[in-house]
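Asks: Sharing a structure, written as structure tokens. Questions coming.
The values are calculated or read from the model by the stated rules, or taken from the named source; none is laboratory data. Model, not experiment: these values are computed from the prediction. Don't worry about glycine lacking a Cβ; one is built from the backbone with ideal geometry, like all the others, and counts go over all protein chains shown. For accessibility, only protein heavy atoms count, side chains too; no ligands or nucleic acids. Shrake-Rupley method; radii C 1.70, N 1.55, O 1.52, S 1.80 Å.
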Amino acid sequence: MTNFTDLGLSPKLLTAITAAGYDKPTPIQARAIPLIIEGRDLMGLAQTGTGKTAAFGLPLINRLMSQTEARKSKSVKALILAPTRELVNQIAANLSTYVSGSHLKVVTVVGGTSINTQIKRLAGGTDILVATPGRLIDLVDRRALFLNSATYLVLDEADQMLDLGFIHALRKIAPLLGTPRQTLLFSATMPKQMNELSAAYLTNPVRIQVAPPG
């Protein structure tokens, strides 16, 4: 497959990414997008800069675009966890480009910024939430957000999350999500703990590797 038109994406989404200057899918995108559209759990191993955000973001948005259910107060449909504020903002900027012209809403929550502003932003619910684990737990503990409507979970740069000790936060967050759930895990390296993470949170996942892991 060499074109985005071959990957099963909707015409509206293809229009948005063409306007953003996307031409040919990268190897991780070409392999991951059709599987995610099918609803498979997936473990993607690829280095930073290979287009991982589009690899999970485009099929996720493609699935959400077909849903007509209205947003509920303080709810989220898809949760994307990333280890740092910088990565959260980078992912959200890309996703905002992809949802251009659609009804979908993207919200970020990270530490180091006003939690009250984030509470107000989440009051009406969101379709996609991109978050750092610590701030997400703070919001859940304040009952500013409920995760039981979230049926998609993405762990991006999962190896960094393990390094930064977020495994404990993940153990607290994952049981709060809705079921059945599609879970996607992306990482640049494959430490031993990653297999344990995959076994705990992914169901019969497809493993894709486009560059040798560190």
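Asks: Taking only pairs six or more apart or across chains, which ones have beta-carbon atoms under 6 Å, a first residue in the range 112-123 that is farther than 20 Å from Pro83 by Cα, and a second residue that is modelled with pLDDT under 95 and exposed (fewer than 15 other Cβ atoms within 10 Å of the Cβ)?
Replies: Short answer, once both residue conditions are applied: none.
Asks: Just one of the numbered conditions (1) closer than 27 Å to Arg207 by Cβ; (2) open to solvent by 50 Å² or more (accessible area, probe 1.4 Å); (3) at pLDDT below 95; (4) of a type in the set (D, E, K, R) is not true of Lys12; which one?
Replies: (1)
Asks: Would you tally the residues in the range 35-55 being more than 16 Å from Gln160 (Cβ to Cβ) and in contact (Cβ under 8 Å) with a residue 60 or more places away in the chain?
Replies: 7
Asks: Would you be able to say whether some residue in the range 152-164 is assigned to a loop (DSSP other than H, G, I, E, B), farther than 15 Å from Leu87 by Cβ and open to solvent by less than 40 Å² (accessible area, probe 1.4 Å)?
Replies: No, that holds for no residue.
Okay, residues lined up against (1) open to solvent by 70 Å² or more (accessible area, probe 1.4 Å); (2) among the charged types (D, E, K, R); (3) closer than 17 Å to Ala158 by Cβ; (4) under 12 Å from the mean Cα position of the chain (by Cα):
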residue	(1), (2), (3), (4)
Leu58	no, no, no, yes
Asn62	no, no, no, no
Met65	no, no, no, no
Ser73	yes, no, no, no
Leu79	no, no, yes, yes
Thr97	no, no, no, no
Val110	no, no, no, no
Ile115	no, no, no, no
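Asks: If you don't mind, another one. How many residues does the range 1-42 contain that are of a type in the set (S, T, N, Q) and farther than 16 Å from Thr97 by Cα?
Replies: Matching residues across the range 1-42 total 5.
Asks: Determine which single condition Gly124 fails, assuming it passes every other condition in (1) part of a loop (DSSP other than H, G, I, E, B); (2) under 18 Å from the mean Cα position of the chain (by Cα); (3) farther than 21 Å from Phe56 by Cβ.
Replies: Of the numbered conditions (1) part of a loop (DSSP other than H, G, I, E, B); (2) under 18 Å from the mean Cα position of the chain (by Cα); (3) farther than 21 Å from Phe56 by Cβ, the odd one out for Gly124 is (2).
Asks: Continuing with the same structure: Taking the range 176-200, which residues are under 16 Å from the mean Cα position of the chain (by Cα), surrounded by fewer than 18 Cβ atoms within 10 Å (Cβ to Cβ) and among the small types (Gly, Ala, Ser)?
Replies: Gly178
Asks: State yes or no: is Gly44 within 28 Å of Leu147 (Cβ to Cβ) and part of a strand (DSSP E or B)?
Replies: yes
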